[in-house]
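In what follows, a single structure is set out as structure tokens and then discussed.
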Amino acid sequence: MTNRTESRIKASPRARRAIAQLGVDAAAVRGSGPEGRIVESDVLRAAAAGGQRPATSAARRAIAAATTHSFSTVPHFYLRAEVDATAMITVRERILAGASSDARRPRVTITDFLLCAMAQALRDCPFANCVWKDGLVQLPGIDIGLVVAAGDGLLVPRIRQAGGADLLAMARKRSHLVDAARAGKAPADCLSGGAASLSNLGASRVDEFAAIILPGQSSMLAVGRIAPRPFVVEGQLCVRPTVRLCLSADHRVMDGLSGAKFLGRIVELLET
């Protein structure tokens, strides 16, 4: 809340917004505008000189605590692969063309292909559907987390019983869960559990990144954007739409060889 001293200080609207966001003492800012009016650059300069920091939301503090705990206590290792996305794009276009006349059908996204591939790979590689709790624990069902932007933070709701879902069923599950999570209405039992999660930045200009495993899980699949890149097909260099995957894995649960088998199965499913 702006106090009486701040309300009497001459400052532009953008400067007042910066003062509130950065927690700067307005009385200590020297204005460079007309008649000493404070402009935004004055506030930024004062914040840099005084070491002022923006207010930290509860969501950001929760993310900081969870990621620090995970990265400090879980022995991460990383495996990377590049996937020919031609089959995914072709199948998706065919599905969308067939669904154009039916508004009730969910819109299939690349995320749904990734979730289906992860679910099937977890079924085919049961060692990857384990977590570490003072020893290996095999999970009875296949639940997959999906990183969702919500406000100024992130949520990771879990898609329950994902193992038997086809693309349309997965799209429906994903759509309902994401909408519920962003509206703050996700069921409590969907905010924990599972061994693996997906973080997809395909809508951005990020080609590849590595993610931190969620506390209590054993792997996180990080996915960048689909883009045309040089690729070898049957010994011939060509240009194909590809997507780069990075699997972050808990070395207590799987080693390089088993992690490679899990990631390799995901790649195989996506390419076919």
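The values are calculated or read from the model by the stated rules, or taken from the named source; none is laboratory data. No experiment lies behind these values; they were computed from the predicted model shown. We place every Cβ from the backbone using ideal geometry, glycine too, and count neighbours over all the protein chains shown.
What the table below lists for this structure:
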item	result
Residue match in region 220-229 (condition: within 15 Å of Cys130 (Cβ to Cβ) and without any contact (Cβ under 8 Å) to a residue 24 or more places away in the chain)	no
Candidates Arg174, Arg229, Arg158, Arg182 - the one that is basic (Lys, Arg), surrounded by fewer than 18 Cβ atoms within 10 Å (Cβ to Cβ) and under 19 Å from Pro106 (Cα atoms)	Arg182
Selection status of Asp207, surrounded by fewer than 18 Cβ atoms within 10 Å (Cβ to Cβ), touching a residue at least 60 places away in the same chain (Cβ under 8 Å) and either in the same structural domain as Val91 (by TED's automatic domain parsing) or of a type in the set (A, V, I, L, M) (or both)	no
The listed residue being among the hydroxyl-bearing types (Ser, Thr, Tyr) and either surrounded by fewer than 12 Cβ atoms within 10 Å (Cβ to Cβ) or touching a strand residue (DSSP E or B) at 6+ places or on another chain (Cβ under 9 Å) (or both), out of Ser41, Ser70	Ser70
Matching option when the condition is closer than 30 Å to Ser192 by Cβ and either modelled with pLDDT of 85 or more or buried (at least 17 other Cβ atoms within 10 Å of the Cβ) (or both), among Ala47, Ala11, Ala62, Ala15	Ala62
Complete set of residues in region 254-272 that are under 16 Å from Ala87 (Cα atoms) and hydroxyl-bearing (Ser, Thr, Tyr)	Thr272
Strands (runs of 3 or more DSSP E) contained in region 73-170 and holding at least 3 residues under 23 Å from the mean Cα position of the chain (by Cα) and assigned by TED's automatic domain parsing to the domain that holds Ile63	76-84, 130-132, 144-146, 148-150, 153-155
